[in-house]
1. Is it the case, given these coordinates, that residue A:199 is within 8 Å of another protein chain (Cβ to nearest Cβ), surrounded by fewer than 19 Cβ atoms within 10 Å (Cβ to Cβ) and under 21 Å from residue B:62 (Cβ atoms)?
2. Please determine, by comparing only the residues of segment C:122-140 that are in contact with a helix residue (DSSP H, G or I) (Cβ under 6 Å, 6 or more places away or on another chain) and not in a loop (DSSP other than H, G, I, E, B), which one is farthest from the other protein chains (Cβ to nearest Cβ).
3. Considering each of B:169, B:202 in turn, give the residue that is more than 10 Å from every other protein chain (Cβ to nearest Cβ) and not in a helix (DSSP H, G or I).
4. Which residues, counting only those in segment A:119-137, are more than 7 Å from every other protein chain (Cβ to nearest Cβ) and under 16 Å from residue C:52 (Cβ atoms)?
5. When the residues of segment C:68-121 are narrowed to those that are touching a strand residue (DSSP E or B) at 6+ places or on another chain (Cβ under 9 Å), part of a loop (DSSP other than H, G, I, E, B) and within 14 Å of residue A:119 (Cα to Cα), which ends up farthest from the other protein chains (Cβ to nearest Cβ)?
6. Do any residues in segment A:146-162 that are within 11 Å of chain B (Cβ to nearest Cβ) have Cβ atoms under 7 Å from those of residues that are at pLDDT below 95 and outside any helix (DSSP H, G or I), where the two are at least six apart or on different chains, and which pairs are they?
7. Looking only at segment B:110-123, decide whether some residue is free of Cβ contacts under 8 Å to residues at least 12 places away in the same chain, out of contact with any strand residue (DSSP E or B) (no Cβ under 9 Å at 6 or more places or on another chain) and within 14 Å of another protein chain (Cβ to nearest Cβ).
8. Mind listing whichever residues of segment B:173-189 are part of a helix (DSSP H, G or I) and either within 15 Å of residue B:155 (Cα to Cα) or more than 8 Å from chain A (Cβ to nearest Cβ) (or both)?
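The values are calculated or read from the model by the stated rules, or taken from the named source; none is laboratory data. Everything quoted here is computed from the prediction, not taken from an experiment. Note that each Cβ is placed from the backbone with ideal geometry, even for glycine, and that neighbours are counted across all protein chains shown.
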């Protein structure tokens with residue numbers, strides 16, 4: 001490994017840890033949000049479903065960077081609260097990826113044939129139980145590939161957080177570069193690291209999907 | 001809510017916003033054309049019968065799309081700074097190569113969905129392989145992949161906002177500048193969200209009116225009416 | 001009639017302007033086996049899905065053990081544990097083993113302990129001849145095996161009556177017998193059953209009564225022998241001549 005990287009390795013690794021932490025927290029948060037929104041839209045809950053559709057369409061039409069600016073500058077100004085770049089990033093990513101995951105969840109739910117839910121109801125399960133025990137688990141298994149696609153996107157997105165000043169991996173690398181000026185080496189190192197992490201994550205998704213396939 | 005809406009400063013900055021919008025359109029269009037060319041070449045190579053080409057194309061796709069777009073832009077802007085490319089072209093190249101990988105995947109899938117016999121039949125009538133691709137295989141594949149293509153292209157338009165980071169004065173860049181001067185935070189971001197939505201909708205609609213859609217209409221029984 | 005379990009009175013239903021059920025009335029007594037037949041699209045499946053509330057009905061009344069199915073206050077999940085249902089396409093949960101399929105509702109609807117439910121499930125698997133398949137997934141089972149497990153899943157709740165919606169029509173011919181054998185033995189044990197089927201041999205052998213439906217109407221509701229030897233309506237005669245000719 002080149003010297004510039006070795007010498008700054010602890011600093012870079014702290015950045016990488018921040019990246020992984022943001023990705024993990026927002027993946028979990030975004031999945032929970034997407035699940036709740038997707039189920040609500042699928043069930044056509046009155047009023048709620050309509051406003052959630054607006055949320056989904058709004059986010060899916062908005063660039064990620066603009067979403068971050070909205071969470072960092074616009075929401076605090078509008079609602080009168082203070083936020084840090086980290087908090088805004090986490091909120092922005094969760095809101096952003098949650099909308100995409102909600103669409104995946106909804107189409108996953110729609111792909112489960114109604115006969116299965118009917119069978120569950122026919123054995124005396126309540127609607128809620130039929131959703132929780134049969135329909136949602138089946139839908140989630142089916143959308144594992146698209147979920148992991150979203151997680152990979154999320155991992156790549158984290159680099160954008162550096163734009164609003166979050167000290168994650170890309171930001172740390174650019175800081176080091178500003179000091180040592182070795183742009184080719186630094187960028188190659190950063191690109192390679194993301195590449196390996198993303199490929200690993202996709203692989204986990206594929207293994208999980210094969211394992212859960214029914 | 002204590003926030004008071006004031007759209008005045010946004011209206012006053014309309015010339016800047018329009019400038020940004022034009023740059024975003026130019027940036028996206030250039031990247032879109034380039035990404036389509038890259039995607040077509042790499043995607044076709046990925047569908048080749050030659051193992052070497054397939055592996056090479058697959059490697060390029062994985063290598064490209066698993067690196068964040070921001071890094072792609074930094075590579076041209078900072079990494080290859082000695083080329084002295086203007087920021088606009090750094091943005092175009094980063095965006096085109098990154099999105100090209102996604103287009104390539106779609107092209108590969110589209111070609112795979114066209115029955116092999118179609119290409120063979122075209123060759124049998126004396127067309128060259130390139131003619132067979134352009135006259136027989138691509139047109140059929142395009143109809144199938146149009147929706148996914150629309151997705152990638154609208155993603156590309158939204159992704160173009162990242163070019164603001166490397167000082168391309170497109171929509172998001174101008175929005176930040178206006179926000180910094182006027183502090184009309186919410187108004188300006190809502191405005192550019194609406195503009196992005198407009199662009200994305202236009203691309204989606206454009207791809208919906210591709211050749212081949214008439215068949216669906218006749219399928220609904222309207223053709224005979 | 002002694003001890004009626006299912007009582008239908010003037011049940012009508014329509015999808016928009018299309019009527020699917022027209023003033024259907026009948027009664028099924030405890031221990032009775034009733035076969036429902038008729039041309040496709042005659043409303044047979046809709047009728048039996050109305051009985052456990054899987055399909056809403058427009059007007060009329062359906063009572064199961066004296067409880068009105070369509071009433072707002074009715075606890076449908078509870079009522080459904082009292083009547084088992086078997087579907088044309090089995091509808092086993094693909095992400096669970098055969099055993100788990102049978103255990104699920106026992107635990108979640110009847111609040112049995114898992115141990116109790118598993119013991120009951122194993123006994124039922126044994127009864128339908130599939131004790132060795134307890135840990136198999138539906139995807140690895142034949143259609144006939146899946147349908148027998150679906151029957152066990154319904155029986156596990158100790159229902160007072162069983163509804164069968166064309167239980168053999170999605171099966172390859174060589175598997176029909178293994179499923180019908182289970183139905184016959186259930187009938188012999190005195191289970192109350194309502195079976196939508198085209199299997200006329202089965203109907204003749206075990207049914208006490210035949211309900212013949214056409215265009216949403218109950219055209220005939222007669223003892224089995226009468227139906228096969230002297231059907232009253234032209235429509236039933238036509239149906240029988242078509243279905244018995246091959």
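1. yes
2. Per the criteria, the residue is C:131.
3. Working: B:202 fails: not in a helix (DSSP H, G or I).
Step by step, each of B:169, B:202 is checked, and only B:169 is more than 10 Å from every other protein chain (Cβ to nearest Cβ) and not in a helix (DSSP H, G or I).
4. Passing the criteria: A:120, A:127, A:130.
5. Among those that are touching a strand residue (DSSP E or B) at 6+ places or on another chain (Cβ under 9 Å), part of a loop (DSSP other than H, G, I, E, B) and within 14 Å of residue A:119 (Cα to Cα), it is C:88.
6. Between residues of segment A:146-162 that are within 11 Å of chain B (Cβ to nearest Cβ) and residues that are at pLDDT below 95 and outside any helix (DSSP H, G or I), the close pairs are A:158/A:168; A:161/A:168; A:162/A:168.
7. Here is the first cut: in segment B:110-123, the ones free of Cβ contacts under 8 Å to residues at least 12 places away in the same chain are B:115-117, B:120, B:123.
Still in the list and also out of contact with any strand residue (DSSP E or B) (no Cβ under 9 Å at 6 or more places or on another chain): B:115-117, B:120, B:123.
In the following step, the residues that additionally are within 14 Å of another protein chain (Cβ to nearest Cβ) were identified as none.
No: segment B:110-123 contains no residue that is free of Cβ contacts under 8 Å to residues at least 12 places away in the same chain, out of contact with any strand residue (DSSP E or B) (no Cβ under 9 Å at 6 or more places or on another chain) and within 14 Å of another protein chain (Cβ to nearest Cβ).
8. Passing the criteria: B:173, B:174, B:177, B:178, B:180, B:181, B:182, B:187, B:188.
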